[in-house]
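What follows is a set of notes on a single structure, which appears directly below.
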Amino acid sequence: MTTLQNVARSFALLYLSLVPCGCLEIEITTQVSRDGSLLRSEMVSGDSVEVLSHGFISPVDSTWKVTPESPNERTFGRKATKLFVSPDELSAATRDTAWRTLPVRARVERRFIWFYTDITYRERYLKWNPFGLIPLAEYVSAADLARSMNLAAGGRIPTREDSLAQERVGQKWTEWMYRDMFEAYYAEFVTGVRLLNDPSLTPAAVAGHKEEICRRCGKLWASPVSMDTIGAIIQSILRNPRTRDAIQSNAMGFARHGARLSLVAKVMGKLKQVNIEMPGVFIDSNAPNVEKNRGSWKGVDDMSYAADYELWMTSRVVNWWVVLLTVVVIAGGISVIFVTPSPSQ
């Protein structure tokens, strides 16, 4: 298991402890055609009740085909499928869906080599952290993050030093995530206090208890179902009955915050695998696992949470029209040589 995949495991365990869930798993697959069209599918499997209530990560609407599909006798599943005529269309589908899906930028590159064409497909998952008030660099260095992503992309067996570094990165990563979520909540709360404009509850008075609020609410900052509990804890700390009124004064802000938390809980620890299937013969990829012309990546949700993460594969297809054209030209040349009468005739 690579360093960043171990960090991914920490995320998964974290959210399993915070959000009621079963063994729900999500797998996304993109089948690339030689004409550049993309068949995108998302499989959600697990407990039947959870599968129906969870929905899809992809921006599934009436243009997608949704069918029941059970991986085995004990698991219920739903599969959503849509054909995108181009990478730009797939990119556009995830561009304007803030806090509802993962933003993806897809691209197809072609290199013509007469009898063959090399096709490279790139699927870049953009940084999707919906909060982003605290820079990750304050907790995890850019060098450690790059090293983790390189290990994840390379797929090599980690050394003991890698594992120890993983523990440190995982702890700091989780600490950063909680603090980032807290700062986002705290900003909304202070906005509510200002909107309430009550002399008994001022931003300055709240600021004096900021660190206590952060500490007392602990891991609740990551749970979208704990908003009421957090409000009750803050009211007990401030000892002011108007705390709830301040939260209500910024109802829209807290609704946005809840939506962001819901996206994190919906994706983190659930997106188990992303696959890319290429036409023709496989040549190269940054996928840790490749079988024939299919590459697979794990931990994409975690790797792209704090930084862009690109998946890519290259394959080679035969240009049969060039082969046919070459055969015709050669056949034509031969016919000219053997059919054209000599001057003596």
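Just so it is clear, none of the values below were taken in a lab; they were calculated from the coordinates. Keep in mind it's a predicted model, so treat the numbers as computed, not measured. Heads up, the Cβs are rebuilt from the backbone with ideal geometry, glycines too, and the neighbour counts pull from every protein chain shown.
Overview of results
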{"read-out": "Among 306, 237, 267 - extreme Cα towards positive end, dipole of the range 219-330, charges at beta-carbon", "value": "237"}
{"read-out": "Which of 58, 137, 184, positive extreme of dipole for the range 55-211 (C-beta unit charges)", "value": "58"}
{"read-out": "Cross-link reach list, aspartates and glutamates versus residue 127, counting only Cα pairs under 13 Å and skipping chain neighbours closer than eight places", "value": "301, 302, 308, 310"}
{"read-out": "Gain upon complete extension [residue 216, residue 252; 0.36 nm per residue less C-alpha separation]", "value": "10.5 nm"}
{"read-out": "Additional length obtainable on full extension of the chain from residue 262 to residue 242, 0.36 nm per residue less Cα span", "value": "4.5 nm"}
{"read-out": "Cα→Cβ-extended label distance, 7 Å offset, between residue 330 and residue 308, nm", "value": "4.4"}
{"read-out": "Greater than 27 Å apart at Cα, pairs in 219/266; 79/172; 79/266; 79/298", "value": "79/172"}
{"read-out": "Net dipole in debye of the range 205-334 [+1 Lys, Arg Cβ; -1 Asp, Glu Cβ; about Cα centre; nearest 20]", "value": "580"}
{"read-out": "Within the range 122-241: Cβ-based charge dipole about Cα centre, in debye rounded to nearest 20 (Lys, Arg +1; Asp, Glu -1)", "value": "220"}
{"read-out": "Rough spin-label spacing in nm, given labels placed 7 Å along Cα→Cβ, for residue 66 and residue 143", "value": "4.9"}
